[in-house]
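Student: Supplied in structure tokens, the structure appears directly below.
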Amino acid sequence: MLPMLAVGCAGLTGQQAPAPVEPYYKTPVPQPPKPIVKEKPVAPPEVKTAPLEPSAPPAWATPAQKVQPAQLSPIAIAMISDADRSAGAGNLDSAAAVLERGLRIEPRNATLIYKLAEVRLKQAKPQQAVDLAKKSALLAGSDKALKKRCWLLIAEARKMQGDMAGATEAHLKADAM
């Protein structure tokens, strides 16, 4: 039986014509249908929220003394803006965690250290705020505005600790900047 099958299959190949093959460059490429647009697309409406009314910032956090973004790396800018958002929403623990993560990436960034000192002061941890602000002032180099903010923050922290002489000394150092 096996020989008959082999003979039967062999006889079919000679009788068939080869399949026509078109070159690939002559084959038309189907185009998707164009969408029919009857109306102009409408932009989604802007959601307007009432601006938050912040209280007057303390002397050590005046908005007029913002840090120029050109001095900061993109990582530091992102971390600071994320921390500011968290702190503005009242989530100081999240803000501190973001800044600490930024300091693991850039441990000698004076601005990140200063921002963490601000958060620690808002968390009622004045000694940590003093330590961080002193470190930031040391790393600030020639940035006198940052050094002044650091010493004003130290003065505020010392007031929180009840050290009025230390607060006065820190104010004098800030005024010297």
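Student: Taking ALA70 as the residue in question, decide whether it is open to solvent by less than 60 Å² (accessible area, probe 1.4 Å), modelled with pLDDT under 95 and in a helix (DSSP H, G or I).
Tutor: no
Student: Suppose we filter ARG158, ARG108 for residues that are basic (Lys, Arg), outside any helix (DSSP H, G or I) and open to solvent by 10 Å² or more (accessible area, probe 1.4 Å); which single one remains?
Tutor: The unique qualifying residue is ARG108.
The values are calculated or read from the model by the stated rules, or taken from the named source; none is laboratory data. Model, not experiment: these values are computed from the prediction. Calculation scope for accessible area: heavy atoms of the full protein, side chains included, ligands and nucleic acids excluded. Shrake-Rupley method; radii C 1.70, N 1.55, O 1.52, S 1.80 Å.
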